[in-house]
Structure formats: structure tokens, C-alpha cells
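The values are calculated or read from the model by the stated rules, or taken from the named source; none is laboratory data. Computed from a prediction, not measured in an experiment: that's the story for all the values here. So basically every Cβ, Gly included, is an ideal-geometry build from the backbone, and we count neighbours across all protein chains shown.
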């Protein structure tokens, strides 16, 4: 069969950086092509060129043998290219039907054809097994249902080539299984899919063929059948990657931090509702759940960013104050969820970011009626962080925004874990510490958290990645609607039980 999509010699440069270097790919009708690569490998640039957001410097694209006009998203949509982004683009206050219809009718049309749109939506939903209430308000849907709406938006517009960007990142295991069943029905009806994911097990399960980018170049193509996760990982990073080995805690100590009936004010989208949790020295407690069910509030409370409405929070037996700066001096280290918006100040140099949370401590400043920054000491400490945590991409004077995602995360880890006096933090709150990182960076970050645990720190790991939760967590708890299950030994959970708890089914495991 002739390919439904053909990319011929695609090259894209951003100044001296070659993001895509002479990439040629084909996609057959009814095929799932997995597109893999580390952060910065060129995946996002390539699909952005396909969807018309970027214009290639060299090369061209054909759909069904016809050239696709470059830099024209409308032309891509008309040619049957649809994209479902990892972060949904839905209006929560509108119905499913309104979201699907949005942008499909001319602004100057004096009336809307809702009846015809409703019938078309019902037909598409039935054909592809994506049942959803057309009149339901999107804000009241589960994450899995919202993803169905995003897919329906693309199919309603006649998509024949569907790009899925990290489609299972915010789904429970059960919702992921339902998505895979849906993809099977789509492929059976001739839809072609480009599947982008960091989860190699899922890639091998759902795809027919795998293409791997590294450094902007296409370095490998292979049938999914017969390919192993180890081979994929080696193609992605350029060397063999050892599979993570579970290392249980050796000596669990006293309670470092404890929440009792912790509740944050009502009306907040992400809140705590009577959470109790004990974090002990020398132990990793992993908390998982569908994003938006209280994980942000939990991290904020433990880092002093948010105050409790009721209940208690104690650190080393003393009330935990809602003061981030004070908690840093008391041995609380944090790895925030959003490294770009919260973790670093992109315009400031690496050295200022490396000391930012301790800038007003005696190690880096003197009080002379104002805080006089000890720049030499601060820059010396930044060099220690760079060396100890292998931060690549520049020295202390480099702007933080120029670092890659993995190196930015290493900088944040170094700031959190390497105190000026060399002491180990009492408590580490790591929120999505490996989100969006490539295999090499993930392995490094996880090793650092385990090393901190073994050095006596109490570690709270908040993660949506069940593989990470089950590999690192000594105890595991699940959040749903602001409530937290008991934190039980990781080996007492199954993935299915975690998935049910993520969906709010109590009594598990």
C-alpha cells in the first residue's frame, strides 16, 4: 500500500542548532508509528512542522501523494491531520458538543447547525467506541473522558492521521487500557497514528513500527514486534541503559514529618480533605493519583507555601510553619513540579539559582542593614553543585533558561540536596521529579533520591508514573479528591488496585 504520509528530507535549523537533520519517514494507512527520543531529540519540532506550526528549511511533506502546503495549520487540518496534545485544550464551562463544534463554523454564519453536529458527533463516537454525553459539561468529566473529547474533536474534523503526544501521562491504568482498545478500533478502520511516549512498554504494546530520533537525526527504525525496551533505550541515548533495580530501605528511623487530618480551604481546585500521613527517616513514601486530586496542595503544605484550614502538620515534633524560607533552614528540601515556572528563574544565572533558596542565610549573605550578598561564596557553592550533580550546558554565569530540561532538574536537585554545610536534608518533597525527562536523566534523578534516603532523609515522592512509584516507593499511598489512602508497603499493591484507588474506589488494596 502507498503511504498515507511521507516526510522527505525534513531539516529545520534554529540558528546554529539543527533540530531536524534530513529526516525521512513514512506512515501507512492503519499503522501506529511510535516516535521516540530524548528531550531535545527533535520530536516536537518534527510534528510541529507536520501540523504547520513550523516551516522546514529543507524537505517536503506529502499526504496521499499530494504536497502539504508548509506552515499552514488550516491546510494540515483539511488534509486530515489531527493532534491531541498532552495538556488538553478544552473549555471546562462548555458542553462536549460545544467544545467539539468550536471553530468548525464560520463566524459570519447567522445560525448554528447543532442538530447536524450532534448527529455527526454521535456517529463518530459510535464508529470509534468513544461514547460520551454530548450535553455533559466538560468541567465535570474525568480525565479519561476529557481525553475522549479531545480525540473526538480531531475525528469530527475528519482526521485520518492522528498525532498523540504522551496520551497516557494523566490516565489511570484502567483508562490507559480503554485508550488502547480505542486505538485498536481506530486502526482497524484505517486511521493512522503517530504515538509519542516515554513509556517504552506502552510503545511496544500499541505500535506496529518504531522510529527513534537522537540529536535531531533518525537513528533507528524497526518493527515493534521483536524489539525490546532495552534496545529502544539504547537507541534513544546512544549507550546501554541498565534496567532499574528496586532497592528497599535498609533502616527506617523516627517520624520526621506528620500530618493529622490536614485540610485546606474549600473552593480550591486542588485541596486536602482530612489527610493523615507519617514520613520517616530513611524511607521513601510515594504518593500517586490522577493529576489535580490534591497532590499540589500536599506538596505546598509540606513546603510551607500553603497554610492548613484545620488539622495539624508537624516537623520533628514542632508545628510546621507556613514559611518556605524558614523551612529551608530547618532542613526541608523541595523539588517543585514545574521546573520552568517555579524551579528556576530562567533569566538569572546558574549561580544565583543555585543559592536562591538560601540567599539570606549567613552562608551567602551578611546583614548590614540590608543583605549583602557574598558573591564569591555563592559562586563557589554553585560550582560544587555543578560538579557534584553533573550539570552540563554552561558554568555558574550561564542563564538557567539555556539549560536542557534534564540539566535544569539536576541544578534544582543540587540546590535542594547539597547544603552549604554538607548536611543531609531532614525532609525532601519531590513533586514529579522526572516528568518529561529522558531515560538517562530519569535514572540520574532517581539515583539521587535513593541516595538521599539511604543517607537518612525522609523522602516524599509525588508522581503520576506508576513504574517510578512502584520502583522507588518503600510505602505507597494514592490520592483522590483530596483524600489519601493509607501508605502501605509497595509490595502489597498491584497496578490494578492502584488504578482503582486513583479512580476513587475505596477499600484497596
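Tell me yes or no: at least one residue of the stretch 333-341 is without any contact (Cβ under 8 Å) to a residue 12 or more places away in the chain and either out of contact with any helix residue (DSSP H, G or I) (no Cβ under 6 Å at 6 or more places or on another chain) or outside any loop (DSSP other than H, G, I, E, B) (or both). So far as the stretch 333-341 goes, yes, one or more of its residues are without any contact (Cβ under 8 Å) to a residue 12 or more places away in the chain and either out of contact with any helix residue (DSSP H, G or I) (no Cβ under 6 Å at 6 or more places or on another chain) or outside any loop (DSSP other than H, G, I, E, B) (or both).
For the stretch 200-258, the set of residues classified as closer than 30 Å to residue 321 by Cβ and surrounded by fewer than 19 Cβ atoms within 10 Å (Cβ to Cβ) consists of 249, 251, 252, 253, 254, 255, 258, listed by residue number.
Residues in the stretch 285-327 that are part of a strand (DSSP E or B) and under 27 Å from the mean Cα position of the chain (by Cα): 4 in all. In the same structural domain as residue 189 (by TED's automatic domain parsing), over 25 Å from residue 104 (Cβ atoms), surrounded by 15 or more Cβ atoms within 10 Å (Cβ to Cβ) and over 30 Å from the mean Cα position of the chain (by Cα): which single residue out of 31, 38, 58, 62 fits that description? Every option except 62 fails the conditions. The requirement of being without any contact (Cβ under 8 Å) to a residue 24 or more places away in the chain, closer than 30 Å to residue 442 by Cβ and not in a helix (DSSP H, G or I) is fulfilled nowhere in the stretch 19-35; no residue meets it. Screening the candidates 325, 313, 378, 382 for the property of being in contact with a strand residue (DSSP E or B) (Cβ under 9 Å, 6 or more places away or on another chain), at pLDDT 85 or above and not assigned by TED's automatic domain parsing to the domain that holds residue 401 yields one hit, 313. For the condition part of a strand (DSSP E or B), closer than 21 Å to residue 164 by Cα and under 27 Å from the mean Cα position of the chain (by Cα), residue 46 does not qualify.
When the residues of the stretch 103-125 are filtered to those that are surrounded by 13 or more Cβ atoms within 10 Å (Cβ to Cβ) and outside any loop (DSSP other than H, G, I, E, B), the one that is nearest to the chain's Cα centre (by Cα) is 125.
Yes/no matrix, rows are residues, columns are (1) assigned by TED's automatic domain parsing to the domain that holds residue 36; (2) in contact (Cβ under 8 Å) with a residue 60 or more places away in the chain; (3) over 26 Å from residue 444 (Cα atoms); (4) in contact with a strand residue (DSSP E or B) (Cβ under 9 Å, 6 or more places away or on another chain):
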residue	(1), (2), (3), (4)
174	yes, yes, yes, no
186	yes, no, yes, yes
213	yes, yes, no, yes
225	yes, no, yes, no
229	yes, no, no, no
232	yes, yes, no, yes
254	no, no, yes, yes
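When residue 289 is tested against the conditions (1) surrounded by 20 or more Cβ atoms within 10 Å (Cβ to Cβ); (2) modelled with pLDDT of 95 or more, the lone failure is (2). With the requirement that a residue be touching a helix residue (DSSP H, G or I) at 6+ places or on another chain (Cβ under 7 Å) and under 22 Å from residue 467 (Cα atoms), what does the stretch 180-201 give you? Once the filter is applied, which keeps residues that are touching a helix residue (DSSP H, G or I) at 6+ places or on another chain (Cβ under 7 Å) and under 22 Å from residue 467 (Cα atoms), the stretch 180-201 yields 180, 195, 196, 197, 200, 201. Could you tell me whether residue 99 is touching a residue at least 40 places away in the same chain (Cβ under 8 Å), in the same structural domain as residue 165 (by TED's automatic domain parsing) and surrounded by 13 or more Cβ atoms within 10 Å (Cβ to Cβ)? Here the answer is yes, as residue 99 does meet what is asked.
Just one of the listed residues (460, 411, 437) is farther than 30 Å from residue 478 by Cβ and either modelled with pLDDT of 85 or more or not in a strand (DSSP E or B) (or both), and it is 411.
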